[in-house]
Amino acid sequence: MPLSAIDQKKQLQLKREFQKDSSSAKLEKLAAALFSRILGVPIAVAKSGFQHGGDAGPAGSQERRFRLECKKYSDSTSLSDRELLGEIDHALARDEALEAWILVATRSVPEQLEQDLTQKGERIGVPVLIIDWKDHELAPFAALCAFAPDLVAANFSQKAGALARALQPISDDAITTLRRNLQSWSLGFATLRKKSHEKLNNIWNSSRAANAEIGQDVAGGAQYKKGRRTAVHNELNAWWQKA
């Protein structure tokens with residue numbers, strides 16, 4: 001939902017508050033605290049130096065295994081495509097059971113980069129979530145801050161906490177979406193659903209694929225002549241649309 005001019009101004013002020021501070025460590029600590037609160041999972045911040053594809057993560061606590069990568073950039077600072085794509089590889093090399101790689105940024109992530117990161121994740125089986133700033137709507141990072149303004153005040157600044165609290169009245173829907181997207185049962189579901197449909201379509205439309213996958217030719221879609229059983233077709237079609 002588009003923001004009003006007043007709410008847009010509040011969100012912009014909050015973003016500027018994050019961008020002007022020189023400490024990347026404060027952003028990492030805040031992000032870890034916010035994700036820990038919304039998920040109910042302890043999250044530790046990595047020590048400085050090589051961080052294995054992320055600045056923080058739950059380290060397997062409560063069987064959650066994801067990495068948070070925080071980027072404190074101004075709107076004019078470019079995000080490095082190669083660096084971020086490499087971070088996903090580093091995170092997966094450290095933990096082959098990685099359930100997600102999450103980018104937290106203090107600026108908007110360009111569409112091309114977001115697409116590259118998502119496609120990279122799909123290829124290697126690691127869901128990618130982008131928590132950034134989209135100024136025309138309530139940004140994911142702003143919503144996360146509005147979820148727990150007390151943590152923003154304690155871990156970043158009183159002014160940032162006050163601005164996050166001011167965004168609370170418009171944040172309910174965004175927070176619900178964010179919470180749902182972060183749950184283990186939801187991460188990667190859309191990609192898995194898409195790939196399963198592609199696999200079933202391939203089996204249905206290719207005798208070779210059907211024989212290779214299940215050992216018999218069930219590729220009804222590959223047959224030129226068909227006898228339609230309307231009732232069965234309608235039931236299967238209705239089931240498929242819901243799948």
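The values are calculated or read from the model by the stated rules, or taken from the named source; none is laboratory data. None of the values given here were measured: they were computed from a predicted structure. Neighbour counts are summed over all protein chains in view; Cβ atoms, including those assigned to glycine, are modelled from backbone coordinates with ideal geometry. Side chains included, ligands, DNA and RNA excluded: accessible areas come from the protein's heavy atoms. Shrake-Rupley method; radii C 1.70, N 1.55, O 1.52, S 1.80 Å.
Checked against the criterion of being at pLDDT 90 or above, open to solvent by less than 60 Å² (accessible area, probe 1.4 Å) and of a type in the set (K, R), the candidates K15, K29 yield just one match: K15. In the set L167, L182, L144, only one residue is at pLDDT 95 or above, under 25 Å from L98 (Cβ atoms) and under 25 Å from the mean Cα position of the chain (by Cα); that residue is L144.
Applying a threshold of 8 Å to beta carbon distances and a minimum spacing of six or more residues, or different chains, the list of pairs starting in region 12-39 at a residue that is of a type in the set (V, I, T) and ending at one that is not in a helix (DSSP H, G or I) reads I38/A148. Scan region 74-94 for residues that are open to solvent by 30 Å² or more (accessible area, probe 1.4 Å) and assigned to a loop (DSSP other than H, G, I, E, B) and the total you get is 6.
Would you be able to tell me the number of residues in region 120-148 that are outside any helix (DSSP H, G or I) and within 17 Å of L3 (Cα to Cα)?
Of region 120-148, the ones outside any helix (DSSP H, G or I) are 125-139, 148.
Narrowing further to those that are within 17 Å of L3 (Cα to Cα): 132-139.
The qualifying residues number 8.
Looking at region 154-174, which of its residues are open to solvent by 10 Å² or more (accessible area, probe 1.4 Å), farther than 17 Å from L30 by Cα and among the hydrophobic types (A, V, I, L, M, F, W, C)?
So in region 154-174, the residues open to solvent by 10 Å² or more (accessible area, probe 1.4 Å) come out as 154-159, 162-163, 165-166, 168-170, 172-174.
Now narrow it down to the ones that are farther than 17 Å from L30 by Cα: 166, 168-170, 172-174.
Passing the criteria: A166, I170, A174.
Of the residues L117, L113, L151, the single one that is in contact (Cβ under 8 Å) with a residue 24 or more places away in the chain, open to solvent by 20 Å² or more (accessible area, probe 1.4 Å) and assigned to a helix (DSSP H, G or I) is L151. Quickly run through region 139-148 and pick out the residues that are in contact (Cβ under 8 Å) with a residue 60 or more places away in the chain and open to solvent by 20 Å² or more (accessible area, probe 1.4 Å). Correct list: F147 only. Screening W101 with (1) surrounded by 19 or more Cβ atoms within 10 Å (Cβ to Cβ); (2) of a type in the set (A, V, I, L, M, F, W, C); (3) touching a Gly at 6+ places or on another chain (Cβ under 8 Å); (4) in a helix (DSSP H, G or I) gives one miss only, at (4).
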